[in-house]
1. What lysines could a cross-link reach from Lys268, if we take a straight Cα to Cα line under 29 Å and drop same-chain neighbours fewer than 8 places away?
2. I'd like the distance separating the alpha-carbon centroids of region 229-269 and region 159-198, in whole Å.
3. Any idea what log10 I(q)/I(0) is at q = 0.18, 0.24 Å⁻¹ for region 2-87, Debye with uniform C-alpha scatterers and no solvent?
4. Among 200-213, 111-124, 43-56, what's the highest-first ranking by average C-beta atoms within 10 angstrom per residue?
5. Per residue of region 265-279, what does 6.51 cos²θ - 1.76 cosθ + 1.60 with θ = phi - 60° give for ³J(HN,Hα)? Whole Hz please, x for Gly and Pro, Karplus curve as stated.
6. How high is the relative contact order of the chain? Use alpha-carbon pairs under 8 Å, at least six apart in sequence, and give a whole percent.
7. With a point put 7 Å past each Cα toward its Cβ, work out how far Thr272 is from Gln233 in nm, to one decimal.
8. For Trp278, what residues show an amide H to amide H distance below 5 Å, using hydrogens built from the backbone and excluding near sequence neighbours?
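Read the figures in this text as sums done on the coordinates, not as results from a lab. Source: prediction; values computed, not measured. Quick reminder, even Gly has a Cβ in these numbers, built from the backbone with ideal geometry, and neighbours come from all protein chains shown.
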Amino acid sequence: MSDTFEELRQGFERDCAAITDAESWKAVRDKYLAREGGAITAAMKRLRTLPKEERPLFGQKMNELRTLVEGRLEGLLQTAKAAEASGRGMPLDVTRPGFPLASGSAHPIKRLQAEIEQIFVGMGFQIRNLPEIETDYYNFEALNMPRNHPARDAQDTFYFDDTVLLRTHCSSVQPHSLEGATPPVRAISTGKVYRRDPFDATHSPMFYQVDVVAVEKGLTMGDLKGTLGVFLQRVFGREVKMRLRPGFFPFVEPGAEVDIGCIFCGGKGCPTCKGSGWIEILGAGMIHPKVLRMSGVDDGVYSGFAWGMGIDRVAILKYGVDDIRLFFENDLRFLQQF
């Protein structure tokens, strides 16, 4: 019995040494494990001819041999495939350079988010990491949006209950940064925000935003315009043009809509800018005195500016993408372009 076991094991080891490719591996596998004609299968059929007292030990030994053969063959399969691929049946050349592996990279939105953060860090701003689950007070009330304000409607906001919601913007960086602080204050917050918008080429229920706040003595619209100009030039290039138009936002007074010269037609007019030569990029303004007071800042001494901008919108313009959904569909053919 032990002779039979040892002969099969030694024969298997000799056959394994001759494996050079997937075809020879398959031949060895069939020789020992095939249901019909396999050496181990044939040996197991002898079990019924042995005396009863020898059967348990014989069965144990043959099962051990089967386990050894299956484990060894599983390890040899990858070696056989590699040898076949590298030398078409020739022995594996271990000095041959390996196959190139695809490397990962940062998502274009996250890459742009990091770029924006570094621009503001270079201008002396602090980055605030704020919660995506926000209270009604910080998301609305502290930003001069009372209970009856239309922006607080449930059809636009994801509420958990009457006081907790998924933040609709990063503008809560204003009260979070000003409460308990002594100006000067310069802070930004970037991250995901949520609104009940349709998912189409220009809208998404989840998108990325950056909000900026600066408060100190003597800040004016001139400071706002200068900071904006530096930021937009670093994002889009020094040749970008900028203009401010009157606009209304509840947490700033006066407010402004900020446009940049169309980066696709150079301001000559095209379908992207609807022939105007300008593209709206963000909303900005001087912080409303009521917002300063609600955060404990003396509006008679200090003034400040703030603005908010969609990072996805900047990515669409910066990279020339015409559908926001491409950023969220995880299509490697699209993502690998960045």
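1. Hits, sequence-local ones excluded: Lys225, Lys241, Lys318.
2. For region 229-269 versus region 159-198, the Cα centre distance is 23 Å.
3. -0.76, -1.15
4. Top to bottom by mean Cβ count within 10 Å: 200-213, 111-124, 43-56.
5. Karplus-based 3J(HN,Hα) across region 265-279 equals 10, x, x, 7, x, 7, x, 5, 9, 6, x, 8, x, 10, 10 Hz.
6. 14 percent
7. So the two model labels end up 2.2 nm from each other.
8. For Trp278, the qualifying residues are Cys262.
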